[in-house]
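Report on the structure given below.
The values are calculated or read from the model by the stated rules, or taken from the named source; none is laboratory data. Since the model is a prediction, treat every value here as computed from it, not as a measurement. Every residue, glycine as well, gets a Cβ built from its backbone with ideal geometry; the counts of neighbours run over all protein chains shown.
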Amino acid sequence: MTKKFLIYFGAVFVFLLSVNISYSGIDINKWEVFTDLKNVVGISVLDNKYGFFATSGGMYSVDLTNGNVLNKFTNIDGLLNTDLTTIIADNQKRIWIGASDGSLCIYDYYSGAWKYIYDIRNSNESNKSINSFAIYNNFIFVATSYGIHKISLLNLNFVDAPYYQFGTMPNRTRVNNIVISNNKIYAATVSGVAYANLVNTNLNNPASWSVYNSPPLGANVQAVEAFNGNIFAGSAYGFSYFNGTDWNLYPNPQVNTSNIKSIKAIGNLIYFISNSNIYYADSNNLANISTFLTSGSYNYLYSDNQNPIVGTYEAGAYIKKGNNYETVFPNCPFRNSFDHVTFDNAGILYATAGTGDGGFYKFDGTTWTSYTRTVYPLLGSDMFKKVIPGNNFYWVTGFGGGPTYVSGEIMKNFNTHNSNLPGIFGDTNFCTPIAGAFDSKGKFWVSFFQSNSGANLYSYKGDSIWNIYYNPSLIGAGRFTNFAIDNYDTKWVVALTPPGVYFYNENMTDSIYNDDIYGLYPTGELASVNSISDVIVDKNNEVWIATDNGVFIISNPYLAIQDPNHKPAPVKLGIISGNLRVPFTENCICIYADVLNEKWIGTQSNGVFHLSQDGSTLIEQFNTTNSPLLENRVSSITVNRKSGKAYFGTLRGLISCQTFAVEAVNEFDKIICMPNPYLIPSNVDVKIDGLVENSTVKIITLSGEVVNEFESPGGRIATWNGLNKKGQLVPTGIYIIVAFDKNASKVGKGKLAVIRK
């Protein structure tokens, strides 16, 4: 790997040019990226003043003199990848940033310029993670999961072939950490410690490397550091040091067999992370250790040349501010996991992590607020699946802990102890709500993943009492996930056992079961489908079903409850390409209908598909190659009807894109055109904003000639490309924009200047 792929962007043009190259001309100003920046995995300091913190969600910088966060960096701010792994400042005041996919970014803080090296990311290695850097003269050594690279700091060329084998270690051994001391390089690897001379040595020759792999450094060596003429190395199993001749156990039994994660020499003290504590010792008395921090989740140690700086798991950077230490990180989501996202009527975004202790979080457009049981014990759970907004309140489904009602600071959790909600077989206290929805009467419904009551659907009656709707025999002890409610109050439920879509209508009675109407669309009735992930009811009251083999549509769901034995057949979605209708066969995870009734589909491996109302036309597709999507698996989608921003949830963060799906105004005020004046020909359309629902728009000259006329998509915004009815560019001039509703009872006007270039 000697050929170098390098792109350089000057300070003035870096932002725009890097985006154009990376995302094929996509307007980056339409996008925002939201990631968790609290899990600090690497630290570097520039000029003893600026701290740079690499996290699993990107990078941020801090003024160490006052603790203020200066900047945040994601893949729309210069990074190629946000899942960062290591960071270092070189002797030219540049920040080198490594990522889990092998991306290597170089950031000049003072000029704002970025440079990129793609060789490692574009290699054929199975694991390309960049794990550590070490500077030596005018070179930087790069530790990866398959060996070590050497790169010139002067011209960014690779020097030598990669160092794949160290002594008797297996070929392509993962290197976790490296340090250089006294012209020798020391590598902490998964198979022990390897070290070699850097002067007059062929590092491509395995025989040039010495290996030490005796316990506790026989496996998973995670850290290596030079201190007081010795080399200290720590693994998951213990702590040792090398005096140049022999390897010895660290002289304190409390830590020499503990999990050592990171080591840092600061002056005449050595600091190290041991299990969940941080200790330090003086060079003259290594056996006498003192405690710096206790009982925390610590990842990494660094310093500002005087004081320790600690990278933590999910608590940001621990730095000295004045005479005290405190954690510093930008306001950000609690986790990178966005399993489900939605908006309430006020435009507040809610998101759930979906797994583990991630809780749920909300975003008001400026600030993220997190909700976990640690802070809010009344929530009853930390694993939340859905937030279901009501009018000035919301429900959140806590997997294991039951659903919780939230109104302001009031929280009421419902579980198996204080209500008639079910547990599961094998654990009567484990309550597993998944999804929720409101019917036409405002009644709140919940589906349960498992139930020991014989019912997987419940609705809230009040006073801690829930209405129970027992499963029919065709469902048995089913497993339910997502569901939606149509205009006839029929519940359409994704069932895992038996696999299919279950529909149920209680026929307006909550406790009388013999008049209930129900049925099942098993996966066998959906062509070549093995699993179903999501179901929605769109604005035309059509049922859309997302599966691992495309999308199926039930256009008249009322027929299903009229005669469940002769239910309407689902129609597989097809997209018109040329003059042919091509079946849509993507493995779909989620589906959403925006205010224009256009469909957004998140897939397992191909990003997001934006389709027309009927699904027949592909409007656009977003993936990691043509947009800032953080990964191609998209688990949730929502669109803010007030702003038109579409949000795509992934397990690596949340991404938003500006769209025209904005809720229509009730009355015309003033029609605004942007840009104005409008220079044509143009590769962008003029935006006509301020429309009522389903407006007709006319473009009229000052003399009264109608040069074009068209229907709006249905929302507040329409667009025009500067062409007349014949498809020709209109002349330079002032045009009147007139819009009216379908009854012509409401009329709005605006002006637009058009300039022919």
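Laid out as a table, the results:
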read-out	value
Residue tally, condition part of a loop (DSSP other than H, G, I, E, B), farther than 18 Å from Val190 by Cβ and of a type in the set (Ser, Thr, Tyr), over segment 236-252	2
Strands (runs of 3 or more DSSP E) wholly inside segment 376-448 that include at least 1 residues being at pLDDT 95 or above, surrounded by fewer than 23 Cβ atoms within 10 Å (Cβ to Cβ) and of a type in the set (A, V, I, L, M)	384-389, 402-407, 410-413, 433-438
Filtered residues of segment 463-488 (kept if more than 18 Å from Ser440 (Cβ to Cβ) and in a strand (DSSP E or B))	Ile465, Trp466, Ile468, Tyr470, Arg479, Phe480, Thr481, Asn482
Matching residues, segment 489-518, being touching a helix residue (DSSP H, G or I) at 6+ places or on another chain (Cβ under 7 Å) and either part of a loop (DSSP other than H, G, I, E, B) or at negative phi (or both)	Thr490, Pro499, Phe503, Asn505, Ile517, Tyr518
Residues of segment 102-124 classified as surrounded by fewer than 17 Cβ atoms within 10 Å (Cβ to Cβ) and over 18 Å from Thr82 (Cβ atoms), total	7
Given (1) in contact with a Gly (Cβ under 8 Å, 6 or more places away or on another chain); (2) modelled with pLDDT of 95 or more, number of the condition Ala664 does not satisfy	(2)
Pick from segment 545-564, criterion polar (S, T, N, Q) and either closer than 18 Å to Gln621 by Cα or in contact (Cβ under 8 Å) with a residue 12 or more places away in the chain (or both), ranking: surrounded by the most Cβ atoms within 10 Å (Cβ to Cβ)	Thr547
Residue check for Thr701: more than 25 Å from Arg641 (Cβ to Cβ) and hydroxyl-bearing (Ser, Thr, Tyr)	yes
Strands (runs of 3 or more DSSP E) completely within segment 620-702 that count 3 or more residues being buried (at least 21 other Cβ atoms within 10 Å of the Cβ) and of a type outside the set (D, E, K, R)	636-639, 645-650, 653-658
Any hit, segment 51-60, residues being out of contact with any helix residue (DSSP H, G or I) (no Cβ under 6 Å at 6 or more places or on another chain) and surrounded by fewer than 20 Cβ atoms within 10 Å (Cβ to Cβ)	no
Enumeration of residues in segment 301-313 that are buried (at least 18 other Cβ atoms within 10 Å of the Cβ), within 30 Å of Gly358 (Cβ to Cβ) and touching a Phe, Trp or Tyr at 6+ places or on another chain (Cβ under 9 Å)	Leu301, Pro308, Ile309, Val310, Gly311, Thr312
Failed item, numbered, when Ile185 is tested on (1) within 20 Å of Ile130 (Cβ to Cβ); (2) touching a Ser or Thr at 6+ places or on another chain (Cβ under 8 Å)	(2)
Matching residues in segment 511-520 - criterion: being surrounded by 14 or more Cβ atoms within 10 Å (Cβ to Cβ) and either farther than 19 Å from Pro568 by Cα or out of contact with any Lys or Arg (no Cβ under 7 Å at 6 or more places or on another chain) (or both)	Asp516, Ile517, Tyr518, Leu520
Qualifying positions in segment 260-279 - of a type outside the set (A, V, I, L, M) and crowded, with 18+ Cβ neighbours inside 10 Å	Lys261, Ser262, Lys264, Tyr271, Phe272, Ser274, Asn277, Tyr279
Residue check, Ile289 crowded, with 22+ Cβ neighbours inside 10 Å and either free of Cβ contacts under 8 Å to residues at least 24 places away in the same chain or not small (Gly, Ala, Ser) (or both)	no
Residue in segment 1-58 that is nearest to Gly98 (Cα to Cα), counting only those that are part of a helix (DSSP H, G or I) and at pLDDT 65 or above	Ile28
Among residues of segment 70-96, those that are within 21 Å of Ser656 (Cβ to Cβ) and assigned to a strand (DSSP E or B), counted	3
Pairs with Cβ under 6 Å, 6+ apart, first in segment 622-643 and free of Cβ contacts under 8 Å to residues at least 12 places away in the same chain, second surrounded by 22 or more Cβ atoms within 10 Å (Cβ to Cβ)	none
Complete set of residues in segment 441-474 that are among the hydroxyl-bearing types (Ser, Thr, Tyr), within 19 Å of Thr490 (Cα to Cα) and touching a strand residue (DSSP E or B) at 6+ places or on another chain (Cβ under 8 Å)	Ser447, Tyr458, Ser459, Tyr460, Tyr469, Tyr470
